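The values are calculated or read from the model by the stated rules, or taken from the named source; none is laboratory data. Just so it is clear, the structure is predicted and the values come from calculations on it, not from any experiment. A quick note on method: Cβ atoms are made from the backbone with ideal geometry, for glycine too, and the neighbour counts reach across all protein chains shown.
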Amino acid sequence: QVQLVESGGGLVQPGGSLRLSCAASGSIASIYAMGWYRQAPGKQRELVATITSVGGTNYADAVKGRFTISRDNAKNTVYLQMKSLKPEDTAVYYCNAAGTLVAGLKPFASWGQGTQVTVSS
C-alpha cells in the first residue's frame, strides 16, 4: 500500500559526501515521521536520523554534525545529506516512514529496499 524507493547510494572515499533520497508513494493520507536507518554486515539495524512532519529531528551520536536529514512534505520525500564520511559509515541504508492511509486513516509503517553506501579508498 505504501512504497518507499531509495536512491543515491554508492562508493565514496573517506571524507567525501553523498546524498540519499527516499520517495514514498501510495494511498497516503499523512506521514508524521520519516527516517533513515542503517545495517552494517554482522550488525543490527540502527537508527541514523529521523524527522517529523513539522521538522523536528533526531540523530544518532555517531553522525551528529556530519549528516543532515530533511524532507519535502509536498513530495513525501526525505533526504539524508552525508558529509565527512568515514569507513565505519559503510552499510545498507534503509528509509522508513510512518503515517496514516487514506482508507479509514489506518496507520502504516513501511521500509524501503535499502541502498548500499560504501566508504573506502
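Residue pairs whose Cβ atoms lie under 8 Å apart, sitting 6 or more positions apart in sequence or on different chains, and linking a residue in the stretch 25-42 that is more than 16 Å from Glu88 (Cβ to Cβ) and without any contact (Cβ under 8 Å) to a residue 60 or more places away in the chain to a partner that is surrounded by 14 or more Cβ atoms within 10 Å (Cβ to Cβ) and polar (S, T, N, Q), are Ser25/Asn76. All conditions in (1) in contact (Cβ under 8 Å) with a residue 24 or more places away in the chain; (2) closer than 20 Å to Ala29 by Cα hold for Ala109, with the sole exception of (1). Given the criteria over 24 Å from Ser120 (Cβ atoms) and hydrophobic (A, V, I, L, M, F, W, C), does Ala29 qualify? Here the answer is yes, as Ala29 does meet what is asked. Restricting Val92, Val78, Val102 to those that are touching a strand residue (DSSP E or B) at 6+ places or on another chain (Cβ under 7 Å) and modelled with pLDDT under 95 reduces the list to Val102. Within the stretch 6-23, can one find any residue that is more than 15 Å from the chain's Cα centre (by Cα), crowded, with 16+ Cβ neighbours inside 10 Å, among the aliphatic types (A, V, I, L, M) and at pLDDT 95 or above? Looking for residues that are more than 15 Å from the chain's Cα centre (by Cα), crowded, with 16+ Cβ neighbours inside 10 Å, among the aliphatic types (A, V, I, L, M) and at pLDDT 95 or above, one finds at least one in the stretch 6-23, hence yes.
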